[in-house]
Amino acid sequence: MEIIGEKINATRKNIENAIRERDASFIQDLVRKQAEAGANYLDVNSGMPLYPEEEADDFAWLVPLIQEVADIPICIDSAYPLVIETALKLHQGRAMINSVNGDPKSMESIFPLAKQYECKVIALTSSREAGIPSNSTGRLKVAEKIAKEAQHHGIPLENIYFDPLVLPLSTDHKNAAVFLETLREIKASLAPARTISGLSNISYGLPKRKRVNHAFFVLAVECGMDAAILDPTDREIMAMVPVTELLMGKDPDCAEYLIAYREGRFNI
């Protein structure tokens, strides 16, 4: 299970302020905490400045700053190819791009960058034409379109992480079921492509959200989810990673579970 740390996201006011004010110590402290907690990547979103050039300046500051204190790749979370390219030019090692979708314009702008810099790419099962399809059949069609175009650009499927796009249960009680079905179908039809999801959207509008998020995580892993965008400093959810992989038969001799126990990761 690959963990993408979600905390450097300027949709949160304190993160936005730190980026706008160039508060290096605040950002680097957040980087260290996520890396030490077990993140494999750090998702970085500087928000939506008025112009792409402003966001590119943010990433020109953020990428070296982050990699100065942690040997961990960045998941570059931006809607603008200019911003993504700026970040990739500065990035050390193999980055991840968040994200591409099924629109031809999106694929034509993102896939050449992914090929040039040998990036991994998060692919959303949506498009301008289809929106977010209401069923797994529609989402799988978008995924198949993206997979075909990725291969046309010489990008191996194992570098594509499909996000089946979970929607809140509070708007439709079947949203988790559609997501899980799509996840299974992508794993069956588009191997060796990988799958990914955030957790928090599933519980939006509900009380005791963490309980819902944690149960959703376990079900998603059982259906084949390979990576999750989450808060790695949340000890409860991080403790569930080795437990879930143990139950899924992915932990020979219970080795990772026992390591987690000895390291005190279950002492919550």
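The values are calculated or read from the model by the stated rules, or taken from the named source; none is laboratory data. Small disclaimer: the values here were computed from a predicted structure and weren't measured. Methodologically, a virtual Cβ is constructed for each residue, glycine included, from the backbone with ideal geometry; neighbour enumeration extends over all protein chains shown.
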Somewhere in region 45-58, is a residue assigned to a loop (DSSP other than H, G, I, E, B), in contact with a Gly (Cβ under 6 Å, 6 or more places away or on another chain) and surrounded by 22 or more Cβ atoms within 10 Å (Cβ to Cβ)?
-> no
Restricting region 113-126 to residues that are farther than 21 Å from Leu180 by Cβ and touching a Pro at 6+ places or on another chain (Cβ under 9 Å), which is surrounded by the most Cβ atoms within 10 Å (Cβ to Cβ)?
-> Lys120
Candidates Glu108, Glu129, filtered to the one that is at pLDDT 95 or above, in the same structural domain as Gly47 (by TED's automatic domain parsing) and of a type outside the set (Gly, Ala, Ser) = Glu108
Considering only region 126-166, state which residues are within 15 Å of Lys187 (Cα to Cα) and of a type in the set (S, T, N, Q).
-> Ser136, Thr137, Asn159
Index of the failed condition, Thr195 passing every other in (1) touching a residue at least 24 places away in the same chain (Cβ under 8 Å); (2) out of contact with any helix residue (DSSP H, G or I) (no Cβ under 6 Å at 6 or more places or on another chain); (3) closer than 14 Å to Phe217 by Cα | (2)
Sole residue being without any contact (Cβ under 8 Å) to a residue 60 or more places away in the chain, assigned to a helix (DSSP H, G or I) and of a type in the set (A, V, I, L, M), chosen from Leu206, Leu258 | Leu258
Expected output for region 221-246 (first residue under 17 Å from Glu6 (Cβ atoms) and charged (D, E, K, R), partner at pLDDT below 95 and in a loop (DSSP other than H, G, I, E, B), Cβ below 6 Å, 6+ apart or cross-chain) is Arg235/Ile268; Glu236/Ile268
Ser197: of a type in the set (Gly, Ala, Ser) and in contact with a Lys or Arg (Cβ under 9 Å, 6 or more places away or on another chain), yes or no?
-> no
In region 26-42, which residue that is closer than 14 Å to Asp234 by Cβ and of a type outside the set (A, V, I, L, M) is surrounded by the most Cβ atoms within 10 Å (Cβ to Cβ)?
-> Gln34
Within the group Tyr257, Tyr204, which residue is touching a Pro at 6+ places or on another chain (Cβ under 6 Å), surrounded by fewer than 20 Cβ atoms within 10 Å (Cβ to Cβ) and within 23 Å of His173 (Cβ to Cβ)?
-> Tyr204
Of the numbered conditions (1) part of a helix (DSSP H, G or I); (2) of a type outside the set (D, E, K, R); (3) in contact with a helix residue (DSSP H, G or I) (Cβ under 9 Å, 6 or more places away or on another chain), Asn267 fails exactly one; give the number of that condition.
-> (1)
A careful count of residues in region 179-233 that are farther than 21 Å from Phe266 by Cα and either outside the structural domain of Asn135 (by TED's automatic domain parsing) or among the β-branched types (Val, Ile, Thr) (or both) gives 5
Just one listed residue, out of Ile74, Ile66, Ile97, is in the same structural domain as Ile196 (by TED's automatic domain parsing), over 27 Å from Ala143 (Cα atoms), buried (at least 21 other Cβ atoms within 10 Å of the Cβ) and in contact with a strand residue (DSSP E or B) (Cβ under 7 Å, 6 or more places away or on another chain), and it is Ile66
Can we say Asn45 is free of Cβ contacts under 8 Å to residues at least 24 places away in the same chain, polar (S, T, N, Q), touching an Asp or Glu at 6+ places or on another chain (Cβ under 8 Å) and farther than 24 Å from Val241 by Cα?
-> no
Elements of type helices (runs of 4 or more DSSP H) in region 81-185, at least 1 residues being over 23 Å from Leu42 (Cβ atoms) and over 18 Å from the mean Cα position of the chain (by Cα) | 104-117, 136-152
